[in-house]
Amino acid sequence: MNIQNLKPILFFIPLAVIQLVIVPLISISNIAPNLVFILIAYFTLRHGQSYGIILGFILGFLLDIISGGLIGAFMFSFTLSAFVVGYFYGENKIDINISTYFFLIILFVCGSINSFVYAVISNSNSNISLFFMMLEEGILPGLYTALFGLPIVIFHPKEGI
Amino acid sequence: MRNFFRRLVSDYKEYLLLVVLSIISLTILAQNEKPTAKHLKTFALGNFAVVNEITNSIVSIFKRDESSDDLRNENAHLMLELNRLRKYHIENEELRSMIAFKDTSNYPLIPAKIISKLVTKSQGNFIVNRGSNNEIRKGMPVINANGLIGLIMDVTENYSVVQNLYNSNLSIAVTLQRTNVDGILNYDGNNLIIKDIPTTYDVQIGDIIETSDFSSLFPPSIPIGIVSKKESNILGLLHNITVEPFANISAANNLFILKIIPSKQINQLEMNLIK
């Protein structure tokens with residue numbers, strides 16, 4: 001097996017621990033960033049849409065089984081949002097996508113989709129309006145997730161720009 | 001024909017991949033309560049929770065435990081209250097024994113610590129460092145010093161998953177302490193709500209909500225919260241009551257598991273209802 005394919009899994013383990021142990025400490029009214037999604041978005045923008053969809057599916061499954069949540073919820077939301085991230089992929093645009101603030105916009109848009117889809121499929125008892133759900137369970141977590149993508153933009157080597 | 005399909009797959013492989021993997025995800029989502037899914041989750045949870053626990057113990061060195069100051073303060077208040085209640089308890093016991101009333105207040109408590117949390121708006125759950133080795137069973141209630149926190153939903157040897165009040169899949173039979181009005185408490189993704197209480201019933205803002213005698217999952221009279229808002233529906237016949245929980249669930253760290261063995265048959269029925 002190519003080491004390149006194992007890389008995201010290796011990054012996933014510490015990120016999942018941080019997501020489950022440290023992120024709850026910085027959550028605001030149950031709104032928290034999704035670090036695993038940042039990982040998926042990063043690798044999708046580097047390796048393409050198909051790679052991202054499969055990665056989203058696998059990491060979603062792993063996060064579902066270790067977090068004690070519904071198995072399939074993160075699987076579905078990560079798969080779908082990785083598909084959307086994949087639209088921004090371009091062989092000649094990898095550095096522009098990752099090393100500029102455009103990465104934060106991608107994280108915000110796709111992170112919002114990811115959080116919203118997760119909320120819709122995991123909330124079995126909702127009377128909340130769609131607008132409120134989109135704002136509280138989509139846009140705000142998306143914004144928070146984008147904020148955590150900032151170190152990647154700052155520290156990622158800007159080679160082709 | 002074969003070339004046509006080959007070209008189709010090649011041109012639309014991302015879409016096909018998305019459809020196939022989405023169908024698999026949703027199928028697995030629908031199979032969550034199947035034993036195979038449960039075993040898989042138990043296995044993964046049990047192994048990964050060890051890593052979480054180690055990380056949590058490192059993080060807790062740097063984290064100031066604010067609960068200890070509150071607990072000291074509360075301890076002093078409780079000591080004063082205990083003295084007062086002791087007198088009533090003796091009197092109460094005598095009266096209860098006269099009418100052969102079952103005592104529900106003496107369940108053993110197992111202390112537990114949260115080692116990881118899944119922070120979402122509708123799927124509130126914790127993983128705690130107590131499991132079947134500590135005689136924890138599925139369906140045991142979880143409380144802290146302030147009130148009800150949730151229910152044990154999955155158990156591994158050393159860890160358990162607690163479904164907390166902020167989980168839209170958890171429904172609890174509750175009662176208003178002052179007027180004994182019964183209802184079902186749910187989380188709607190934003191608030192804890194008791195739906196469809198007739199407006200003719202006496203419900204006041206500030207009324208205390210506790211677990212009901214009708215619940216076989218929870219022992220009666222565990223405090224849950226207070227009525228913070230009541231809204232009547234369009235016809236004005238029914239109320240939706242918003243409940244503010246006593247326990248700060250998001251900030252909870254140390255919990256107690258009530259070691260009760262509920263009636264297996266009733267418990268299974270209620271757990272099925274929750275599912």
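What share of Cα pairs, in percent, lie more than 37 angstrom apart in the protein assembly as shown?
Numbers: 29642 of 94830 pairs.
Tail of the P(r) past 37 Å holds 31 percent of the pairs.
To the nearest 0.05, how large is the calculated FRET efficiency for B:Ile24 and A:Lys7 if R₀ is 25 Å and r is the Cβ-Cβ distance? Each step should come with its number before you reach the end.
Values: r = 24 Å, r/R0 = 0.95.
It comes to 0.60.
To the nearest µm²/s, what D does Stokes-Einstein give for the stretch A:32-155 at 4 °C and 1.567 mPa s, using the Kirkwood radius over alpha carbon pairs as Rh?
Diffusion coefficient, whole number: 91 µm²/s.
Taking +1 at the Cβ of each Lys and Arg and -1 at the Cβ of each Asp and Glu, which of B:Asn92, A:Val21, B:Phe246 sits farthest along the dipole of the protein assembly as shown towards its positive end, judged by Cα position relative to the Cα centre?
Going by the charge dipole, the pick is A:Val21.
Counting pairs of Cα atoms in chain B, how many percent are more than 36 Å apart? Please report the intermediate quantities before stating the final value.
Values: 10290 of 37675 pairs.
It works out to 27 percent of all Cα pairs.
Hey, rough spin-label estimate for B:His77 and A:Leu150, points 7 angstrom out along Cα→Cβ, what's it come to in nanometres?
Rounded to a tenth, the inter-label distance reads 3.8 nm.
Go ahead and estimate [θ] at 222 nm for chain A from helices alone: -39,500 (n - 2.57) per DSSP H run with n ≥ 4, summed, over the residue count, rounded to 500.
On the way: 9 runs with 107 residues, N = 161.
Helices in chain A give a 222 nm mean residue ellipticity of -20500 deg cm²/dmol.
Pick from B:Pro219, B:Pro198, B:Pro35: which is most flexible by mean-square fluctuation in a GNM of chain B where alpha carbon atoms under 10 Å apart are linked?
B:Pro35
Please go through the residue pairs B:Lys34/B:Lys121; B:Lys34/B:Lys138; B:Lys121/B:Lys229 and name each one whose alpha carbons sit more than 23 Å apart in this structure. Please list the in-between numbers first.
Numbers: B:Lys34/B:Lys121 25 Å; B:Lys34/B:Lys138 15 Å; B:Lys121/B:Lys229 20 Å.
Result: B:Lys34/B:Lys121 exceed 23 Å.
Send over the Kirkwood Rh of the stretch B:161-221, from the inverse of the averaged 1/r over different Cα pairs, rounded to one decimal Å. Numbers along the way, then the final one.
Values: mean 1/r = 0.0819 Å⁻¹.
This gives a value of 12.2 Å.
For helix A:3-17, report the angle its Cα long axis makes with the longest principal axis of the Cα atoms of chain A; keep it between 0 and 90° and round to the nearest 10°.
40 degrees
Determine ³J(HN,Hα), in whole Hz, for all residues of the stretch A:141-157 in sequence, where each value follows from phi through the Karplus function 6.51 cos²θ - 1.76 cosθ + 1.60 and θ = phi - 60°; x replaces Gly and Pro.
x, x, 5, 5, 5, 4, 4, 7, x, 4, x, 5, 4, 6, 9, 5, x
Roughly speaking, what % of Cα-Cα pairs in the stretch B:107-200 are separated by over 17 Å, rounded to a whole number?
Numbers: 2338 of 4371 pairs.
Tail of P(r) above 17 Å: 53 percent of Cα pairs.
Readers should treat all values here as calculations from the given coordinates under stated rules, not as data from a laboratory. Because the structure is a prediction, the values reported are computed rather than measured. Every residue, glycine among them, receives a Cβ derived from its backbone with ideal geometry; neighbour counts consider all protein chains shown.
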